[in-house]
1. If you scan the range 53-76, which residues turn out to be charged (D, E, K, R) and touching a helix residue (DSSP H, G or I) at 6+ places or on another chain (Cβ under 8 Å)?
2. Which condition breaks for residue 156 when tested against (1) surrounded by fewer than 18 Cβ atoms within 10 Å (Cβ to Cβ); (2) assigned to a helix (DSSP H, G or I)?
3. Looking at this structure, is residue 188 among the polar types (S, T, N, Q), in contact with a Gly (Cβ under 8 Å, 6 or more places away or on another chain) and crowded, with 17+ Cβ neighbours inside 10 Å?
4. Go through the range 176-200 and report how many residues are under 13 Å from residue 11 (Cα atoms) and touching a strand residue (DSSP E or B) at 6+ places or on another chain (Cβ under 9 Å).
5. Suppose the filter is in the same structural domain as residue 110 (by TED's automatic domain parsing) and within 11 Å of the chain's Cα centre (by Cα); does residue 38 pass it?
6. Take the residues of the range 77-104 that are in contact with a helix residue (DSSP H, G or I) (Cβ under 6 Å, 6 or more places away or on another chain) and assigned to a loop (DSSP other than H, G, I, E, B): which is surrounded by the most Cβ atoms within 10 Å (Cβ to Cβ)?
7. Starting from residues that are at pLDDT below 90 and in a helix (DSSP H, G or I), keep the ones in the range 113-138 and report whichever is farthest from the chain's Cα centre (by Cα).
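The values are calculated or read from the model by the stated rules, or taken from the named source; none is laboratory data. Computed from a predicted structure; not experimentally measured. Reconstructed Cβ throughout: ideal geometry from the backbone, glycine too, with neighbour counts over all protein chains shown.
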Amino acid sequence: MGKSIAIDGPAGAGKSTIAKMVAKELGFIYVDTGAMYRAMALYLIRRGISRDDTAGIEKACEDADISIAYEDGQQVVLLMGENVNGLIRTEEVGNMASASSVNGKVREKLVSLQQKLAAEKDVVMDGRDIGTVVLPDSKCKIYLTASSKVRAKRRYDELKEKRIDCDIDQIEADIIERDERDMTRENSPLRQAEDAVLVDSSDMTIDEVKLAILDEAKRKL
């Protein structure tokens, strides 16, 4: 059984940025669970299945093969053996992922793929239900959060840097709505595991957050 660090928290809290840094520092494999859900979403879009077609989604997801590999030190998301890194970060895929990830069959399929990875390797995993559902026996669990205002500002700066026109109030409204959806969904809602350490990054630098999590990992693992 590999060692694992489980990082949960709401959208825009900086989970994946931090998880990658921590994994690199410890020589663990970073498993981007969000990217796996996005790959599944891309698969569904390619099959022409709409986000409201529950039966279609459930039937299609059984045949999807999604895995994570490292090529030249880069994490690669493989969908049916194809590297889809450059295709899964669009808004269309993101929206489909948000809608399809609440489907119990989709989650079941991906959770089993994620648990298989964690059984074989030392991993850092981030998402919404890693400490509660995917890796409930992980010895090191973190709940990383930040205020909706801070998360909206980070997203706004990110989009501005890419010269994408956006409205900070709309971004914050979307974040609040997404939190609500993630926390109230029927399957694996977002919540802090009882044995998770809370890290609020609202007033912390990225390095401070990284060090806090590394300290916790050294203590627990």
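1. Filtering the range 53-76 down to residues charged (D, E, K, R) leaves 53, 58-59, 62-63, 65, 71-72.
Once the filter is applied, which keeps residues that are charged (D, E, K, R) and touching a helix residue (DSSP H, G or I) at 6+ places or on another chain (Cβ under 8 Å), the range 53-76 yields 58, 62.
2. Answer for residue 156: the failing condition is (1).
3. Working: among the polar types (S, T, N, Q): yes; in contact with a Gly (Cβ under 8 Å, 6 or more places away or on another chain): no; crowded, with 17+ Cβ neighbours inside 10 Å: yes.
Against the criterion (among the polar types (S, T, N, Q), in contact with a Gly (Cβ under 8 Å, 6 or more places away or on another chain) and crowded, with 17+ Cβ neighbours inside 10 Å), residue 188 does not qualify.
4. Looking only at that region, the number is 2.
5. On the way: in the same structural domain as residue 110 (by TED's automatic domain parsing): yes; within 11 Å of the chain's Cα centre (by Cα): yes.
Criteria met by residue 38.
6. Of everything passing the filter in the range 77-104, 101 is surrounded by the most Cβ atoms within 10 Å (Cβ to Cβ).
7. Here the answer is 120.
So that you can scan it fast, the table gives a plain yes or no per residue for (1) modelled with pLDDT of 95 or more; (2) outside any helix (DSSP H, G or I):
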| site | (1), (2) |
| --- | --- |
| 31 | no, yes |
| 40 | yes, no |
| 45 | yes, no |
| 49 | yes, yes |
| 56 | yes, no |
| 59 | yes, no |
| 63 | no, yes |
